[in-house]
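Below is one structure, written out as structure tokens; the observations come after it.
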Amino acid sequence: MAQNLRAQLAEGKHPLALGQVRELTAKLISDPGKAGHLVEFLWDDDPGVASRAADVLERISRRGLPARARILPAAKEALLGLLPEAAPKKLRWNLALMLGRLPLTAPEARRAAEVLQSWLNDPSSIVKTAALQGLADIALQDRSLMPMVLDLLRIQGRSGTAAMRARSRILLKKLETQPAIQAKE
């Protein structure tokens, strides 16, 4: 299964090409037992394979389905471990979006927030915008991060790229009106 999955992830001429991401997402949602190999492909030497594996995982993380509950918690430590060393932009933005959807302890939330905050200096606008989203989602789990995240959103809402300004406005509206839950120590 792993070699077949890798071959499907390798399809695409460019690392940002979608390849078979949609098909793989649908297949793995219906059979989550086969998704365990996706995590190991996040470290693949082929940046396209790593990026598409992250894309499939991120798409699974968006869904409130049994596949999400079964796949992502098992991948949490690997995703947190990959976070500081992730280099390709598609891998970074998918990780940023996934992290806030994972149940994080307070130390994990703070560790992830530190890396995501550093990604606000990334050359890619989409990585920066995804980092803002990830920070906001993590702050909903760990109230201690909320003041820092609100400050960042206010700053980026005035001085970031157009995408960051728009995302900051949306996130500020959401965070300023929604109570946060406290992460477990």
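Could you tell me whether L9 is on the phi < 0 side of the Ramachandran plot, part of a helix (DSSP H, G or I) and out of contact with any Phe, Trp or Tyr (no Cβ under 7 Å at 6 or more places or on another chain)?
no
Looking at this structure, is L153 surrounded by 22 or more Cβ atoms within 10 Å (Cβ to Cβ), outside the structural domain of D44 (by TED's automatic domain parsing), over 18 Å from D55 (Cα atoms) and of a type outside the set (F, W, Y)?
Here the answer is yes, as L153 does meet what is asked.
Consider L83 carefully, then state whether it is under 16 Å from the mean Cα position of the chain (by Cα) and touching a residue at least 40 places away in the same chain (Cβ under 8 Å).
Spelling it out, it is not the case that L83 is under 16 Å from the mean Cα position of the chain (by Cα) and touching a residue at least 40 places away in the same chain (Cβ under 8 Å).
Which one of these is under 18 Å from the mean Cα position of the chain (by Cα), assigned to a helix (DSSP H, G or I), basic (K, R) and not assigned by TED's automatic domain parsing to the domain that holds E58: R158, R167?
Result: R167 is the single residue among R158, R167 that is under 18 Å from the mean Cα position of the chain (by Cα), assigned to a helix (DSSP H, G or I), basic (K, R) and not assigned by TED's automatic domain parsing to the domain that holds E58.
For every residue, the table says whether it meets (1) crowded, with 17+ Cβ neighbours inside 10 Å; (2) not assigned by TED's automatic domain parsing to the domain that holds P15.
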{"site": "I60", "(1), (2)": "yes, no"}
{"site": "P73", "(1), (2)": "no, no"}
{"site": "A78", "(1), (2)": "no, no"}
{"site": "S118", "(1), (2)": "no, yes"}
{"site": "A139", "(1), (2)": "yes, yes"}
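If we scan the range 98-120, do we find a residue that is in a helix (DSSP H, G or I), in contact with a Ser or Thr (Cβ under 8 Å, 6 or more places away or on another chain) and under 22 Å from K34 (Cβ atoms)?
Yes, the range 98-120 contains at least one residue that is in a helix (DSSP H, G or I), in contact with a Ser or Thr (Cβ under 8 Å, 6 or more places away or on another chain) and under 22 Å from K34 (Cβ atoms).
Only one of these conditions is not met by R169: (1) surrounded by fewer than 22 Cβ atoms within 10 Å (Cβ to Cβ); (2) within 17 Å of N94 (Cβ to Cβ). Which number is it?
For R169, the failing item is (2).
The values are calculated or read from the model by the stated rules, or taken from the named source; none is laboratory data. Values in this document were obtained by computation on a predicted structure and should not be read as measured data. Quick reminder, even Gly has a Cβ in these numbers, built from the backbone with ideal geometry, and neighbours come from all protein chains shown.
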